[in-house]
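Peer 1: Quick one: structure below, then a few questions.
Values quoted throughout were computed directly from the atomic coordinates according to the rules given, and no laboratory measurement underlies them. None of the values given here were measured: they were computed from a predicted structure. With ideal geometry, Cβ positions are generated from the backbone for all residues, glycine too; neighbour counts draw on all protein chains shown.
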Amino acid sequence: MFSAVKRYKLLVSGALARCFPRTSAYLQSEEELLLRRWPDAAAKQALQRTGKKPGATAKIGRTIKSPAAAATSAKPRAKARKPASEGIYGPAKLTVDEQQIQAMRLRVGRAVEAGVICAPSDEQWAMILCESPVTRIFAGAGSGKSTTLVLRVVFMLCHMGIAPERLTVISFTNASCTQLREQLIRVLSFWNFDFDPASARQCVRTFHSAMAAMARDVLGKPVWFEQLDEKGVSPLELDNPLTASRMRPAQQRLLKQAYQSCYAEEDRFRTLVHELLSLPPPDDKKRAPKAPLDVFKLAGELTPAPLFEAFYVQAGFIESIGIRIDQMQPTRLQGSSTERTFSEALALFWRHFQALLASQGLTTFNGAFQTLTQRLAASDRSVPSAALTPFSHLLIDEFQDISPQIVQWLQALHRALSSQGEAVSLMAIGDDWQSIYGWRGSSPELFMDFDKYFPGRGASKKSRVLMLETNYRSIEPVIRDGEAVLSGVTSKQTKVSQAAKATQQGDHGVKLVTRFDVKSRLPELIREIQAQCEHVAARPNAERNAVLVLSRRNEPLRAIEAQLDRKLPVKTYTIHRAKGLQAEVAIIIDDCLPAERHPLRNALYAYSGFFRNSYDQAMADESLRLAYVAITRGVSRVFWYTQKVQGATRLLADQRKAQ
């Protein structure tokens with residue numbers, strides 16, 4: 001009876017939302033703002049719904065004391081968003097019996113003997129054979145999580161009997177998906193399981209390609225704004241936009257067209273634009289006023305840009321952190337009048353941009369995520385069961401780089417499946433120590449507060465937490481120096497990686513080379529890179545990549561590439577693109593410049609209700625995590641060349657003094 005009433009209420013609410021979108025959106029926005037600003041109202045509302053006394057809140061601390069505990073930093077800037085309290089997963093465990101386990105162990109043993117895979121450790125076996133419907137795995141750098149993930153999929157398909165069409169693996173980029181697919185095909189062939197490249201493409205996807213597969217069935221084969229002018233791309237094989245470069249001309253033309261349209265038609269927008277650009281008041285007597293194309297530098301951004309580009313960049317961030325721009329109320333943003341003026345102008349511009357996209361049959365990635373999430377949450381019948389089925393069992397890699405918008409989509413997706421009586425499971429694999437995409441809206445807080453967003457049913461309502469703490473990549477001095485730079489992070493999962501590799505003579509952790517100017521001392525750096533290549537060549541069982549040269553910026557890397565002998569086993573990458581890679585020697589070229597304060601994003605962070613930290617604090621922490629990622633690319637040696645000792649290098653220098 002209860003479920004029937006509940007379904008009826010959902011149908012009615014969905015109908016009201018479709019028929020009266022503005023009213024529904026306003027009421028929803030007002031309720032969210034009320035619950036964020038007056039926490040007691042949220043507690044009373046929960047008490048009325050459940051009849052239970054609210055539990056005590058967790059204490060705030062610098063680090064998590066145990067794998068299952070939540071971590072927070074300083075006093076919250078805004079009341080954290082309250083996820084729906086109803087559980088999604090369980091309470092029944094996945095069906096795993098002793099016969100299945102023994103069959104898997106036997107087959108893995110044969111695969112190890114045949115040289116197909118390496119023998120899993122005990123902590124890896126715990127992940128492979130896990131029977132919990134919702135599991136969170138903290139997998140440190142070099143912990144072999146990719147191979148373990150492959151074996152988990154093999155166990156689910158070959159021994160648990162889960163159909164491939166009911167299982168999806170999410171990886172971060174198309175490149176990482178390709179690697180996982182190749183591994184799966186190779187290993188599954190040893191199990192004599194029919195799994196061809198087409199099956200692998202259906203099974204292993206990025207978040208955006210998984211969303212595109214659903215959008216094809218629900219939204220009618222959308223054409224993506226982000227793919228304009230991009231040659232040879234598939235509307236289904238969407239890559240992660242976190243790795244995207246600058247906008248292409250076709251995208252800029254549409255943004256400029258929407259900007260001009262908004263300027264010509266909206267008096268208020270013209271006034272706001274002139275305020276932002278410090279121009280005299282607009283002349284409203286002109287019939288077709290031309291929008292000014294002066295560049296604008298928003299505080300916190302690295303470079304100035306035309307206003308329409310600045311609007312687009314910040315709009316992407318706003319949507320990524322779970323805020324609906326059409327429901328945003330700029331007057332309620334914290335901060336100065338400049339942030340509110342910019343936000344009000346952005347909201348007006350975004351309305352014209354969305355109308356222009358609709359007129360040309362285009363959709364943005366974020367827009368599709370929002371629409372699908374709304375329809376799933378409203379139990380919209382336009383979402384066919386066949387579109388949901390592939391997501392019944394989800395395994396998600398690099399979960400620490402997830403965004404609030406993706407969290408909302410995943411919640412709606414699994415709640416929709418669960419409401420249909422489907423058994424669902426979620427295995428989230430990540431490492432908060434390696435979260436480095438906060439500037440695009442992701443946050444490790446979502447992984448650390450996982451149980452709030454993905455609750456189980458039953459007595460515990462908590463995910464099972466597993467740890468992969470053995471590092472099979474780096475020697476202990478490299479691992480310890482990597483951990484040292486994380487000492488300045490405000491909140492993190494407490495863990496200590498254990499080195500599997502032995503330290504040999506001549507190996508070392510980070511060697512700091514300070515007061516080093518790359519431009520004036522480039523020949524010296526090139527000689528050092530060559531010397532390290534010679535060292536690696538004389539080393540038995542060395543890595544295929546002798547040296548990785550890493551920097552946060554492309555400019556010094558291009559200068560180094562121009563002087564290097566291309567025959568040397570050297571790769572140059574930005575630190576963001578190097579995640580997942582390794583080399584015998586890592587050479588870091590970076591000054592750890594402190595991030596500029598970003599008042600607008602601080603205000604948006606507080607407004608969203610998802611975060612404990614300010615955006616500025618999140619970026620300060622991220623710079624240290626980026627240093628950790630760079631250091632742990634090295635296997636047996638790391639060199640860090642820097643002009644100034646600050647940030648992560650300051651922490652390393654202080655450690656040296658303390659020793």
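Peer 1: Computed over the Cα atoms of the stretch 224-320, what is the convex hull's projected area averaged over all directions, in nm²?
Peer 2: Its average projected convex-hull area is 7.5 nm².
Peer 1: Additional query: If packing is taken as the mean number of other Cβ atoms within 10 Å per residue, what is the order of 152-160, 576-584, highest first?
Peer 2: Numbers: 152-160: 22.0, 576-584: 19.1.
Listed from highest to lowest mean packing, they are 152-160, 576-584.
Peer 1: Something else: So how far apart, in nm, are the two label points at A119 and R332 if each is 7 Å from Cα heading toward Cβ?
Peer 2: Here the answer is 6.0 nm between the modelled labels.
Peer 1: Note down the net charge around Q251, summing +1 for each Lys or Arg and -1 for each Asp or Glu among other residues with Cβ under 15 Å from its Cβ. Walk me through the numbers before you get to the answer.
Peer 2: Values: positive: K231, R246, R248, R253, K256; negative: E226, D229, E230, E309.
With Lys, Arg at +1 and Asp, Glu at -1, the neighbours total +1.
Peer 1: Also, quick follow-up: Between A537 and V233, what's the calculated FRET efficiency when r is the beta-carbon distance and R0 is 25 Å? Round to 0.05.
Peer 2: Details: r = 40 Å, r/R0 = 1.59.
Once the sixth-power term is evaluated, E becomes 0.05.
Peer 1: Report the full-extension gain for the segment A423 to Q102: residue separation times 0.36 nm, less the Cα-Cα distance, to one decimal in nm.
Peer 2: So the extension gain works out to 113.1 nm.
Peer 1: Which of the residue pairs K501/K579; K145/K579; K501/K644; K145/K511 have a Cα-Cα distance greater than 22 Å in the structure shown?
Peer 2: On the way: K501/K579 20 Å; K145/K579 13 Å; K501/K644 32 Å; K145/K511 28 Å.
From the list (K501/K579; K145/K579; K501/K644; K145/K511), the Cα-Cα distance tops 22 Å for K501/K644; K145/K511.
Peer 1: Let me ask something else about it. Under the rule of at least 5 residues apart or a separate chain, name every residue whose amide H is placed under 5 Å from the amide H of L468.
Peer 2: F138, A139, G140
Peer 1: Something else: Note down the net charge around C130, summing +1 for each Lys or Arg and -1 for each Asp or Glu among other residues with Cβ under 10 Å from its Cβ.
Peer 2: The answer is +2.
Peer 1: Right, here's the next one. For labels at R650 and T341 in the simple 7 Å Cα→Cβ model, what's the distance in nm?
Peer 2: It is 3.3 nm.
Peer 1: Pull up all non-local amide H partners of F639: gap of 5 or more, or a different chain, and H-to-H distance under 5 Å with H placed in the peptide plane.
Peer 2: Hits under the 5 Å cutoff: K511, A586, I587, I588.
Peer 1: With just the Cα atoms defining each centre, how far is the stretch 593-647 from the stretch 84-110? Give it in Å.
Peer 2: If you average the Cα positions of each part, the centres end up 38 Å apart.
Peer 1: Something else now. Using label points projected 7 Å from each Cα along Cα→Cβ, tell me how many nm separate R268 and T389, to one decimal.
Peer 2: Each label point lies 7 Å from its Cα, and together they span 4.8 nm.
Peer 1: Which order do peptides 87-99, 645-657 fall in by mean Cβ count within 10 Å, highest first? Each step should come with its number before you reach the end.
Peer 2: Working: 87-99: 14.6, 645-657: 17.2.
Ranked by mean Cβ neighbours within 10 Å, highest first: 645-657, 87-99.
Peer 1: Of all beta bridges DSSP finds with both residues in the chain, what is the antiparallel percent, to the nearest 5?
Peer 2: Counting only bridges with both partners in the chain, antiparallel ones make up about 5 percent.
Peer 1: Continuing with this model, one more query. Hey, could you pull the Cα Rg and Dmax for the chain, both in Å?
Peer 2: 25.8, 83
Peer 1: Tell me, what ³J(HN,Hα) does each residue in the stretch 221-227 have, in order and in whole Hz, if you take phi through Karplus 6.51 cos²θ - 1.76 cosθ + 1.60 with θ = phi - 60° and put x for Gly and Pro?
Peer 2: Ordered by residue, 3J(HN,Hα) equals 6, x, 9, 8, 4, 5, 9 Hz.
Peer 1: Give me, ordered by chain and number, the residues 5 or more places off Y89 or on other chains with an amide H under 5 Å from its own placed amide H.
Peer 2: Those qualifying (amide H under 5 Å, at least 5 residues apart or on another chain) are G456, R457.
Peer 1: Can you divide the C-alpha Rg of the stretch 572-634 by 2.2 N^0.38 Å and report the result to two decimal places?
Peer 2: The stretch 572-634 yields a ratio of 1.38.
Peer 1: With n ≥ 4 as the cut-off for DSSP H runs, can you work out [θ] at 222 nm for the chain, using -39500 (n - 2.57) per run divided by the number of residues, rounded to the nearest 500?
Peer 2: -14000 deg cm²/dmol
Peer 1: With helices defined as uninterrupted DSSP H runs, which ones in the chain have an alpha carbon span along their own long axis of at least 27 Å and mean Kyte-Doolittle hydropathy of at least -1.0?
Peer 2: 337-359
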